[in-house]
Each structure stands twice: as structure tokens, then as C-alpha cells.
1. Going through Glu87, Glu11, Glu71 one at a time, which residue ends up being surrounded by fewer than 19 Cβ atoms within 10 Å (Cβ to Cβ) and at pLDDT below 90?
2. Right, Gly79: among the small types (Gly, Ala, Ser) and modelled with pLDDT of 90 or more or not?
3. Scan the strands (runs of 3 or more DSSP E) fully inside segment 15-57 and keep the ones with 3 or more residues being surrounded by fewer than 21 Cβ atoms within 10 Å (Cβ to Cβ) and at negative phi.
4. List the number of the failed condition for Tyr345; all other conditions in (1) at pLDDT below 90; (2) closer than 21 Å to Arg394 by Cβ hold.
5. Being surrounded by 15 or more Cβ atoms within 10 Å (Cβ to Cβ), in the same structural domain as Glu270 (by TED's automatic domain parsing) and modelled with pLDDT of 90 or more is the requirement here; does Ile287 meet it?
6. Of all residues in segment 360-404, which are of a type outside the set (Ser, Thr, Tyr), without any contact (Cβ under 8 Å) to a residue 24 or more places away in the chain and part of a strand (DSSP E or B)?
7. What about Asp316, is it within 13 Å of Glu415 (Cα to Cα), assigned to a loop (DSSP other than H, G, I, E, B) and modelled with pLDDT of 90 or more?
8. Residues in segment 325-381 that are in contact with a helix residue (DSSP H, G or I) (Cβ under 7 Å, 6 or more places away or on another chain), charged (D, E, K, R) and more than 30 Å from Gln232 (Cβ to Cβ): how many?
Amino acid sequence: MAVENSIAEIEARGGNLFLFLSEVLGRPVFRSDGRPFGKLSDLKVKLDELYPKVVGVAVRPRRRRAPAEIEWADVQSFGPSCVRLKEGAEAKARPVGVAGDEILLRDELLDKQVVDTFGAKIERVNDIHLLVVNNDLRVVHVDYGMRGILRRLGWLGFADRLFTWLFAARIGEKMISWKYIQPLLSDPLKRNLKLNIAARKIHDLHPSDLADIIEELDRVNRSSIFRSLDTQTAAQTLEEVEDPRLQASLIQTAPDERASDILEEMAPDEATDLLADLPRATKESLIQKMEKPSREAVEALLKYEEGTAGSLMTKDVLSIPKEKTIGDAIEEFRKTTHPLDSVSYIYITGRDGRLVGVCTLRHLLTCGLDTPMREMMNPHLVTVSADERIGEVRSLFRKYKFMALPVVDAEDRLEGVITLKDIFQEEIEE
């Protein structure tokens, strides 16, 4: 029987040939003398190059259930119609096995999830794009589009004709280059190779996109991604995760030292909310490992009852004595690392520490640097107490359209602020 698409023929036509995994699975495998040996059931690749090579083929021999592995060096020709082995290759067949840096494309990648770091979403692997070049077979793309599904069903030709007739166009290709898809981490049990990710690109995603990705993954894979993030990115991502139970689960996957560092990077109110959902022993252990300023801020917020203004406020606030000038306020603003939404207003205090006025960032830009804060502050304040119910706080935001609302104690000393973002998130959760 003639064997089609030998490597020699491929090279004669230009040296390369593109194939899809779905096109070659189940294709007949022949001995060197043309007698049938079995059917192709999988391909094994070694993950040591940018575009990994196939190092073995899994063949299901005739009248045998268990597939056997043939090394790629013993393959004479490989194409979409059939595979032909070199002389004596069948005698070298052994049970299929994979090392720590190897994967089986059908079993461990096909129909599994990958992260599209450009679209910032989870994609399902519908097919795998292969390239025959220089006697090697390499993985070059992952197909996550509709064409991959139709190809596997055998409907692609019909679908292309139908779309061309209806819309004068074909269904578009949707593929991710393999260079953007790398194993997340080494895993001898192969559990995490179900998720492959461009680790060098993941840090470029917005934290809210990272949170969306993590929320869609299973427990093992989301933990793997979270552990791969640097401390600041992990903190920002945790703040964007909407499910409190998932937040608690993620922080508990990190060692205590790293977990406490992440909590220090988070806004105090966000860290407090997260800690409140942890087991008591875990919570106390993490708080004790935090640096003193962060620990004190969190402990101050934890004392407030859930559902009150105090439980929702943040200690990230910018205040300045009324004797200071606009120039002083600008300098303080330059030095602060607080989130912008919590410093949208600058609060003015008297000598006794009481809150006496407020100004906006616009004032800092439009008034002279030597202008005292007391001369341009707005003394008409709207404040809430730390034990005020959140429903009343929400009403004040709706009435006055504030970006932030100051929280004061019984003596009008500034305790913190509630931002519009905080109240908005609270309303969404309810």
C-alpha cells in the first residue's frame, strides 16, 4: 500500500507541512513493509523548546487495548492520511510513559483550558496545530475557535461552504501561538498541565482581569496562578475577587509570611474584610506577622461591627493641620501611597485634632502655594460616626454625590473615610 505524505515528499514541496491533531488521531499506522500495525492514539511532546518537538507516538495496536509508544526517531513518514514506521520499530514498542517535562497532547491538553493573556479570559483547547519541518513534528498553535470544533466533528468543509454562500466569508481562525502558552509549573502528577499559561505575560494583565481568570478556574489551577504572582499583584488581584470565600481560600494557600505581606499591600479595609472570613487561629496568626502600622490599622477596623460605617471605612486618608499651606498639602500628596479614591479629598484638622474642613485636589492646583489651608477649606462638613448603619451612609452618598465620606468619633476626630467604591461594592454584594 502506498504511503502518503512522506517527509521526503514534504521537503520536496517546500520543507514543511501544517497538520491538526484532529486530522491525524485515529489514522492507520503501518509497518515498514506496508502491513497494518495499529491506529495513532496520541502524540508525546517534550517541553524543552519554544515550539516543542514530538518525541513519541502512541499507537493502539490491532487486537490490543493498551496503546504502545514508538519513538519519533523510528517514524519513517507522518501525514494526515497515515503514519509509516521504520524497519524494526514495532519490536521496540513499549508501554506509554511520560517524564516530568513531557505531555500527551490528546490526554493532557486537548479539551483542557488555557489562559489567553491577550484577551484576558479562559479558552478551551479545541485542536492543536502541528508543523512538520526538517524531519521534526512541532507544536506551533493552540486552536480555541469554532473551526477546531467543526474540524473534529468532520463538518468544517460543509460549514465553510455554507458560510461562503450566506456571508461570502469563512469562519475565522482563532489560534494562540504556543510561544505564549507555557506550563505554569512543574508537576510530576500532571494535574497542573491541564492549565498552560504565558507566565511572562500574566503580570501584564489588569488585576480585575486576573481576578476574572482565577474565578473561572478549578481549585488547583487558581492556586497555581495565585502563587506565581508577585506580592503587589497578588494583593491587587485579591481586592478584585468578588467572592469572599474564594479570597479566604486563596490567601490560605500562601505561607504565613507571604500571606501577611500580601495583606500589608492591600487597602486596610479590604484586608480587614478578608481577615474577618478566616478561621480565628489563622486570622490571629497573620495579624501578628504583619508590620506594626498595617497591623494597627487592621486591628482598629476589626473592632467595628459588621454592617456599620466603621466596618466599611479605610484608614488610608490624607489629613493636614489648618495652619499648613497648599504647598505643604501638595508635598504630602506626593509622598502618599494611598489609593487615589481615598485621597480625592484632603481633610483639614484643628490643633486639637478635630476635623474642621475639607478641600479637593482641584484646590491644590488652582490656589497659590503659600495659601494657608484654613483660607480655602470648606468648613461645611458632612460626616458619619463609625457605628452608623451602612444604609444611612448609602443615603448620604446618593444625596450629596460625594467621592468619599469622612468617619469621625464622638469628639469629631477623623477615624477614616468611606469611598464611593466601597459603598458601590457593598451595594452590589447586597
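The values are calculated or read from the model by the stated rules, or taken from the named source; none is laboratory data. Please read these numbers as outputs of a predicted model, since none were measured by experiment. No Cβ is skipped: glycine too gets one built from the backbone with ideal geometry, and neighbour counts run over all protein chains shown.
1. Values: Glu87 fails: at pLDDT below 90; Glu71 fails: at pLDDT below 90.
Exactly one of Glu87, Glu11, Glu71 is surrounded by fewer than 19 Cβ atoms within 10 Å (Cβ to Cβ) and at pLDDT below 90, namely Glu11.
2. Numbers: among the small types (Gly, Ala, Ser): yes; modelled with pLDDT of 90 or more: no.
Spelling it out, it is not the case that Gly79 is among the small types (Gly, Ala, Ser) and modelled with pLDDT of 90 or more.
3. On the way: elements: 16-20, 28-30, 36-46.
Answer list for segment 15-57: 16-20, 36-46.
4. (1)
5. Numbers: surrounded by 15 or more Cβ atoms within 10 Å (Cβ to Cβ): yes; in the same structural domain as Glu270 (by TED's automatic domain parsing): yes; modelled with pLDDT of 90 or more: yes.
So Ile287 passes the test.
6. Within segment 360-404, just Asn378 meets the criteria.
7. On the way: within 13 Å of Glu415 (Cα to Cα): yes; assigned to a loop (DSSP other than H, G, I, E, B): yes; modelled with pLDDT of 90 or more: no.
In short, no.
8. 1
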